[in-house]
Amino acid sequence: MGNFLKAVSGPQVVVGGRTYGNRKINEPYLFSQLFWFDNKGNMLFKWPGAPLNGNPDFVKGNWDGRNKEQLFWYKFKINDQGKGELYFPDPVYHMFDFMGKGAEEVITLSQGYLRVYGAKQAHYSNKDEKKDLLYLKNSVVNHTHY
């Protein structure tokens with residue numbers, strides 16, 4: 001939940017939705033799309049138009065250190081129209097203040113490689129968010145992958 005869409009007033013909710021295919025007719029088992037809702041619960045749109053195969057992680061965080069949350073899904077950075085721009089070579093896995101400098105980095109994971117990406121023009125406060133126990137509880141401990 002947050003103010004992510006430029007053309008929509010008030011906060012929006014976006015969820016990574018899953019759709020299960022019919023295996024009896026050889027559809028892939030799992031599809032994913034982002035579902036956008038306004039602050040009254042009305043569905044605004046789905047992105048992408050054709051769902052991706054699988055169930056990619058969806059992460060948000062203070063990417064550039066300016067306290068404005070940025071969304072990432074699969075290999076995409078989500079723009080202010082709610083659509084993704086291909087950004088990473090590997091799927092996003094997690095996001096937190098890995099370097100301890102006040103801006104969160106994106107962690108990708110693919111084929112046994114874990115990579116850390118920071119924003120090119122991040123503003124660093126040099127306040128290590130990991131020293132805040134609430135940050136650790138909400139951003140690290142409760143982040144699960146299955």
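Counting Lys and Arg as +1 and Asp and Glu as -1, each charge on the Cβ, what is the dipole of region 13-140 about the Cα centre in debye, to the nearest 20? Each step should come with its number before you reach the end.
Numbers: 18 positive and 14 negative charges, 42 e Å.
Dipole magnitude for region 13-140 comes out near 200 debye.
Stretched out fully, how many nm does the piece from Phe88 to Asn53 gain, at 0.36 nm a residue minus the Cα gap? Could the numbers behind the result be given before it?
Working: separation 35, 0.36 × 35 = 12.60 nm, distance 1.75 nm.
Between Phe88 and Asn53, full extension yields 10.8 nm more.
Could you provide, to the nearest whole Å², the per residue accessible area of region 13-140 with probe 1.4 Å?
Values: 7790 Å² over 128 residues.
Accessible surface, normalised per residue, equals 61 Å².
At 0.36 nm per residue, minus the direct Cα-Cα distance, what do Val13 and Asn79 gain on full extension? Give it in nm, one decimal, please.
Values: separation 66, 0.36 × 66 = 23.76 nm, distance 1.45 nm.
Gain on stretching Val13 to Asn79: 22.3 nm.
Can you pull the accessible area of Leu44 for me, 1.4 Å probe, Å² to the nearest 10?
The value for Leu44 is about 70 Å².
So the label point goes 7 Å from the Cα of Asn42 along Cα→C-beta, right? Which residues of region 80-101 then have their backbone N under 20 Å from it?
81-83
How high is the relative contact order of the chain, in percent, with contacts defined as C-alpha pairs under 8 Å that are six or more residues apart? Don't skip to the answer; put the middle values down first.
Numbers: 298 pairs, mean separation 22.4, N = 146.
Value for the chain: 15 percent.
Report the extension gain between Leu30 and Leu134 in nm, rounded to one decimal, defined as 0.36 nm multiplied by the number of residues separating them, less their alpha carbon distance.
Additional length available on full extension: 34.1 nm.
What would the Debye formula give as log10 I(q)/I(0) at q = 0.16 Å⁻¹ for the alpha-carbon point model of region 38-146, no solvent?
-0.79
Provide the per-residue ³J(HN,Hα) series for region 80-95, in order, calculated from phi with Karplus coefficients 6.51, -1.76, 1.60 and θ = phi - 60°, each as a whole number of Hz, with x at glycine and proline positions.
7, 9, x, 10, x, 10, 4, 10, 10, x, 10, x, 5, 10, 6, 8
Where in the chain is the longest stretch that carries no trypsin sites (Lys or Arg not before Pro) classed as loop by DSSP and with at most 16 other Cβ atoms within 10 Å?
On the way: sites that count: Lys6, Lys40, Arg66, Lys68, Lys83, Lys120, Lys127.
So the longest stretch without any such site is 84-119.
Please compare each pair in Lys46/Lys75; Lys6/Lys130; Lys77/Lys101; Lys6/Lys46; Lys24/Lys60; Lys40/Lys137 to a cut-off of 26 Å on the Cα-Cα distance and tell me which ones are over it. Please list the in-between numbers first.
On the way: Lys46/Lys75 17 Å; Lys6/Lys130 31 Å; Lys77/Lys101 21 Å; Lys6/Lys46 16 Å; Lys24/Lys60 36 Å; Lys40/Lys137 29 Å.
Over 26 Å Cα-Cα: Lys6/Lys130; Lys24/Lys60; Lys40/Lys137.
Top mean-square fluctuation among Asn79, Asn62, Asn22, Gaussian network model of the chain, C-alpha springs under 10 Å?
Ranking Asn79, Asn62, Asn22 by mean-square fluctuation puts Asn22 first.
Tabulate in residue order the Karplus-calculated ³J(HN,Hα) for region 124-133, using 6.51 cos²θ - 1.76 cosθ + 1.60 with θ = phi - 60°, rounded to whole Hz; enter x for Gly and Pro.
9, 8, 6, 9, 6, 4, 5, 6, 8, 4
Carbon and sulfur together cover what percent of the accessible area of region 1-91 at a 1.4 Å probe radius? Display every interim value, and only then the final one.
Details: 2740 of 5430 Å².
After summing per-atom areas, the C and S share lands at 50 percent.
The values are calculated or read from the model by the stated rules, or taken from the named source; none is laboratory data. Owing to the predicted nature of the structure, the values given are computational and were not obtained by experimental measurement. Cβ atoms come from the backbone with ideal geometry, glycine included; neighbour counts cover every protein chain shown. Keep in mind that these areas ignore ligands, DNA and RNA; they rest on the heavy atoms of the full protein, side chains included. Shrake-Rupley method; radii C 1.70, N 1.55, O 1.52, S 1.80 Å.
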